[in-house]
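Q: Here it is, the structure, as structure tokens.
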Amino acid sequence: MHALGNEHLSKAEWRTRLTRARAGQTPESHAQEASALVSAVSKVTATTVCAYLPFGTEPGTTALADALAAGGARVLLPVIRPEPGPLDWAEYTGEADLRPGRLRGILEPTGKRLGVEAVGAAELILVPALAVDHQGVRLGRGAGHYDRSLVFAAAGADLLAVVRDEELVDRLPGQPHDVRMSGALTPGRGVLELPM
């Protein structure tokens, strides 16, 4: 990634810059990237996948979860709990069984809550990100839900940050508690292994 620059920015400065760039994306470009992500994720095989439903300017659409389910995977989606901490999980059974979650714009499955440890059953975990760097450092929105949740992931699970192509950057500021990604899923390059 080079369009956004490689300066030594703080996490807050990165978030501002990346959020602004996403807001400038056209609906046509978003739709093209979403289609490319579905195509890339359709080639991935896993028995259980923890995914999420993109909202707002996040790359992708609900079609990501649909493609994983169509490929035979059991798809678990996050449920934001009332108290700060790790995410709960519930099985995705289709768009008809979604409802608005605790945070505006986020849809959640209505089915049985599986607990915070359910993420440990997944071989593949798709993780929302504003950016990820070549060493696997992920920049999220700052709430810490995923950093607190991924500690329950199975050793060896593939952790893929879902980002736009230009959001795979050279270096991001990281902290010791940050959980490193093992890969990235981008519209133009598909699944990439990290570090690279």
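Q: Between the helical axis of 11-23 and the dominant principal axis of the chain, each derived from Cα atoms, what acute angle in degrees is found, rounded to the nearest 10?
A: The two axes meet at around 80 degrees.
Q: Is it possible to state the helix-based mean residue ellipticity at 222 nm for the chain, with each DSSP H run of 4+ residues giving -39500 (n - 2.57), the sum divided by total residues, to the nearest 500 deg cm²/dmol? What is it?
A: -6000 deg cm²/dmol
Q: Under a 10 Å cutoff between Cα atoms, tell me which one of Val163, Val179, Val49 has the largest fluctuation in the Gaussian network model of the chain.
A: Of Val163, Val179, Val49, the most mobile in the Gaussian network model is Val179.
Q: Could I ask something else about it? Of all beta bridges DSSP finds with both residues in the chain, what is the antiparallel percent, to the nearest 5?
A: Given both bridge residues lie in the chain, the antiparallel proportion sits at roughly 45 percent.
Q: Got a sec? What order do Arg164, Arg171 fall in by accessible area at 1.4 Å, biggest, i.e. largest, first?
A: Largest to smallest exposure gives the sequence Arg171, Arg164.
Q: In addition: Assuming 1.002 mPa s and 20 °C, estimate D for segment 1-114 with Stokes-Einstein, Rh taken as the Kirkwood radius over Cα pairs, in µm²/s.
A: My calculation gives 135 µm²/s for D.
Q: Now for a different question. Just to make sure I understand: if all protein chains stay in place, what is the order of Lys112, Lys11 by accessible area at 1.4 Å, largest first?
A: Of Lys112, Lys11, the descending order of accessible area is Lys112, Lys11.
Q: Once you charge only the Cβ atoms, +1 for Lys and Arg and -1 for Asp and Glu, what is the size of the charge dipole of segment 83-166 about its Cα centre, to the nearest 20 debye?
A: Using Cβ point charges on Lys, Arg, Asp and Glu, segment 83-166 gives about 340 debye.
Q: While we're looking at this one, here's another question. What list of ³J(HN,Hα) couplings, whole Hz, do you get for segment 180-188 from phi and the Karplus terms 6.51, -1.76, 1.60, once you set θ to phi - 60° and write x for glycine and proline?
A: For segment 180-188, the Karplus curve yields 6, 7, 8, x, 9, 10, 10, x, x Hz.
Q: Only four residue types carry charge here, +1 at the Cβ of Lys and Arg and -1 at the Cβ of Asp and Glu. Report the dipole size of the chain about the Cα centre in Debye, rounded to the nearest 20.
A: So the magnitude is around 400 debye.
Q: Further question: Roll a 1.4 Å probe over the protein chains and send me the accessible area per residue for the chain in Å².
A: Roughly 47 Å² per residue, with all protein chains present.
Q: Where Lys and Arg each count +1 and Asp and Glu each count -1, what net charge lies around Val44 among other residues with Cβ under 11 Å from its Cβ?
A: Net of charged neighbours comes to -1.
Q: Percent of Cα-Cα pairs per 5 Å bin, from 0 to the last occupied bin, for segment 43-93, please list those.
A: With a bin width of 5 Å, the distribution comes to 5, 21, 26, 22, 16, 8, 2, 0.
Q: Here's a follow-up. Report the label-to-label distance for Ala155 and Glu193 in nanometres (one decimal), using points 7 Å from each Cα along the Cα→Cβ vector.
A: Using points 7 Å along Cα→Cβ, the separation is 2.0 nm.
Q: In whole Hz, what ³J(HN,Hα) sequence does segment 125-137 give by Karplus (6.51, -1.76, 1.60; θ = phi - 60°), x for Gly and Pro?
A: For segment 125-137, the Karplus-derived couplings read 10, 8, 10, x, 7, 7, 6, 9, 9, 5, 9, x, 6 Hz, x marking Gly and Pro.
The values are calculated or read from the model by the stated rules, or taken from the named source; none is laboratory data. Quantities reported herein were computed from a predicted structural model and do not represent experimental measurements. Here Cβ is always computed from backbone atoms with ideal geometry, including for glycine, and neighbour counts include all displayed protein chains. Surface accessibility is based on the protein's heavy atoms, side chains included, excluding ligands, DNA and RNA. Shrake-Rupley method; radii C 1.70, N 1.55, O 1.52, S 1.80 Å.
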